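> Please read through the structure below; I'll follow up with questions.
The values are calculated or read from the model by the stated rules, or taken from the named source; none is laboratory data. No experiment lies behind these values; they were computed from the predicted model shown. Here the Cβ positions follow ideal geometry from the backbone for every residue, glycine too, while neighbour counts run over all protein chains shown. Note: accessible area is taken over every heavy atom of the protein model, side chains too, but ligands, DNA and RNA are not part of it. Shrake-Rupley method; radii C 1.70, N 1.55, O 1.52, S 1.80 Å.
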Amino acid sequence: MSDPAPPPVIDLNADLGEGFGRWQLTDDEALLSVVTSANVACGFHAGDPATMRRVCELAAGRGVVIGAQVSYRDLAGFGRRAMEVPPEELSAEITYQIGALDVFARAAGTRVRYVKPHGALYNRCVHDAEQAAAVIDGIRAAGAALPVLGLPGSRLHEAARRAELPVVGEAFADRAYTDEGTLVPRREPGAVVHDADEVVKRALGMARDRTVTSRDGRRVGITARSLCLHGDTPGAAGLARRVRSELAAAGVRIRSFV
């Protein structure tokens, strides 16, 4: 008789620190009680020094791994607007963001342990080899072989592998997928899944079966080690708690990829 298959393992990540000054979008404390990895905004699409310091302290205190959520310089557009940034400039801005966050992570007794692009930069690096290479150059210049969290099969992961950086595949239970396994752009109808039961169902499918149903009804393979739980939607913290509880009840081990 063969040994039973080991239980599936998944990391839960969320975008945190997405505020600026008196404005706060994410419920950081509530989400930090659920996730195992925190993508902390570094000041370019959201986040300011006080917010970055506070979130790093909270994450460190709860044993949550800290990652730099790097972005185009776009506070007004929340990092979701397409921008044309020369590769040399983008690379320097990536290094700058990682360094800024790492100062606060160090002060909290930990370090930045991985990097994840945000918004328009994330989507651009799925297909754009030049922008993806600039992001990876910026990560390397930050001085550590940091894992790169992103969409499996993306140009970003291709560039990371060439640079001998670890890659971590990511999936989104609350985002619609195309037949090719990419995310449906947010500007298109149905890009975000709002039904809580459906989000939980998709999370279980991604973690246990490594599949998701595309917008057109096709079963698409998912090779993800981390599942993103968006924190910028109504009821996000409650939904995140439910997803974690349902995964654990289904025998899925919740653990950071670091």
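> Is it true that Ala144 is more than 22 Å from Arg210 (Cβ to Cβ) and in a helix (DSSP H, G or I)? Lay out the reasoning, then the answer.
Details: more than 22 Å from Arg210 (Cβ to Cβ): yes; in a helix (DSSP H, G or I): no.
Here the answer is no, as Ala144 does not meet what is asked.
Here's the yes/no breakdown for (1) within 23 Å of His118 (Cα to Cα); (2) assigned to a loop (DSSP other than H, G, I, E, B); (3) modelled with pLDDT under 95; (4) open to solvent by 20 Å² or more (accessible area, probe 1.4 Å):
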{"site": "Leu149", "(1), (2), (3), (4)": "yes, no, no, no"}
{"site": "Glu164", "(1), (2), (3), (4)": "yes, yes, no, yes"}
{"site": "Glu170", "(1), (2), (3), (4)": "yes, no, no, no"}
{"site": "Glu180", "(1), (2), (3), (4)": "yes, yes, yes, yes"}
{"site": "Ala203", "(1), (2), (3), (4)": "yes, no, no, no"}
{"site": "Ala248", "(1), (2), (3), (4)": "no, no, no, yes"}
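> For the stretch 48-92, what are the residues that are closer than 16 Å to Val148 by Cα and of a type outside the set (A, V, I, L, M)?
Gly67, Gln69, Ser71, Ser91
> Still on this structure: Do we find a residue being of a type in the set (A, V, I, L, M), in contact with a helix residue (DSSP H, G or I) (Cβ under 8 Å, 6 or more places away or on another chain), open to solvent by 10 Å² or more (accessible area, probe 1.4 Å) and at pLDDT below 95 anywhere in the stretch 24-31? Can you show your working first?
Residues of the stretch 24-31 that are of a type in the set (A, V, I, L, M), as a first pass: 25, 30-31.
Remaining after also requiring in contact with a helix residue (DSSP H, G or I) (Cβ under 8 Å, 6 or more places away or on another chain): 30-31.
Narrowing the set further to residues that are open to solvent by 10 Å² or more (accessible area, probe 1.4 Å) leaves 30.
If we keep only those that are at pLDDT below 95 as well, we get 30.
Within the stretch 24-31 (the criterion being of a type in the set (A, V, I, L, M), in contact with a helix residue (DSSP H, G or I) (Cβ under 8 Å, 6 or more places away or on another chain), open to solvent by 10 Å² or more (accessible area, probe 1.4 Å) and at pLDDT below 95), the answer is yes, since at least one residue qualifies.
> Next question, about the same structure. Would you say Tyr114 is touching a Pro at 6+ places or on another chain (Cβ under 7 Å) and under 17 Å from Asn39 (Cα atoms)? Break it down stepwise before answering.
Details: touching a Pro at 6+ places or on another chain (Cβ under 7 Å): yes; under 17 Å from Asn39 (Cα atoms): yes.
When the stated conditions are applied, Tyr114 passes them.
> Let me ask you something else. Taking the stretch 46-79 on its own, how many of its residues are part of a loop (DSSP other than H, G, I, E, B), more than 15 Å from Gly119 (Cα to Cα) and in contact (Cβ under 8 Å) with a residue 12 or more places away in the chain? Step through it out loud before you land on a result.
Going residue by residue through the stretch 46-79, those that are part of a loop (DSSP other than H, G, I, E, B) are 46-48, 63-64, 71-79.
With more than 15 Å from Gly119 (Cα to Cα) added as a condition, the list becomes 48, 63-64.
Still in the list and also in contact (Cβ under 8 Å) with a residue 12 or more places away in the chain: 48, 64.
Total satisfying the criteria: 2.
> Taking the residues in the stretch 1-23 that are more than 20 Å from Phe172 (Cβ to Cβ) and among the small types (Gly, Ala, Ser) as candidates, determine which candidate is modelled with the lowest pLDDT.
Narrowing the stretch 1-23 to residues more than 20 Å from Phe172 (Cβ to Cβ): 1-7, 19-23.
Subsequent filtering for residues that are among the small types (Gly, Ala, Ser) retains 2, 5, 19, 21.
Working: Ser2: 56, Ala5: 68, Gly19: 88, Gly21: 82.
That would be Ser2.
> Going by the structure shown, is Gly43 over 22 Å from Ser154 (Cα atoms) and in a loop (DSSP other than H, G, I, E, B)? Spell out the reasoning first.
Numbers: over 22 Å from Ser154 (Cα atoms): yes; in a loop (DSSP other than H, G, I, E, B): yes.
Spelling it out, Gly43 is indeed over 22 Å from Ser154 (Cα atoms) and in a loop (DSSP other than H, G, I, E, B).
> Name, by its number, the condition in (1) in contact (Cβ under 8 Å) with a residue 24 or more places away in the chain; (2) over 25 Å from Arg241 (Cβ atoms); (3) open to solvent by 10 Å² or more (accessible area, probe 1.4 Å) that does not hold for Ile98.
(3)
> Residue under question is Arg53, and the condition is that it be surrounded by fewer than 23 Cβ atoms within 10 Å (Cβ to Cβ), charged (D, E, K, R), touching a Leu at 6+ places or on another chain (Cβ under 7 Å) and more than 28 Å from Glu188 (Cβ to Cβ); does it hold? Steps first, answer last, please.
Values: surrounded by fewer than 23 Cβ atoms within 10 Å (Cβ to Cβ): yes; charged (D, E, K, R): yes; touching a Leu at 6+ places or on another chain (Cβ under 7 Å): no; more than 28 Å from Glu188 (Cβ to Cβ): yes.
So Arg53 does not fit the description; no.
> Given the options Ala145, Ala160, Ala141, name the one that is at pLDDT below 95, of a type outside the set (Lys, Arg) and either surrounded by fewer than 16 Cβ atoms within 10 Å (Cβ to Cβ) or under 19 Å from Asn123 (Cβ atoms) (or both). Full working, then the answer.
On the way: Ala160 fails: at pLDDT below 95; Ala141 fails: at pLDDT below 95.
Sole residue among the options that is at pLDDT below 95, of a type outside the set (Lys, Arg) and either surrounded by fewer than 16 Cβ atoms within 10 Å (Cβ to Cβ) or under 19 Å from Asn123 (Cβ atoms) (or both): Ala145.
> Any residue in the stretch 18-29 that is on the phi > 0 side of the Ramachandran plot sitting within a Cβ distance under 7 Å of a residue that is open to solvent by 10 Å² or more (accessible area, probe 1.4 Å) and part of a loop (DSSP other than H, G, I, E, B)? List the pairs, counting only those 6 or more apart or interchain.
Gly21/Asp48
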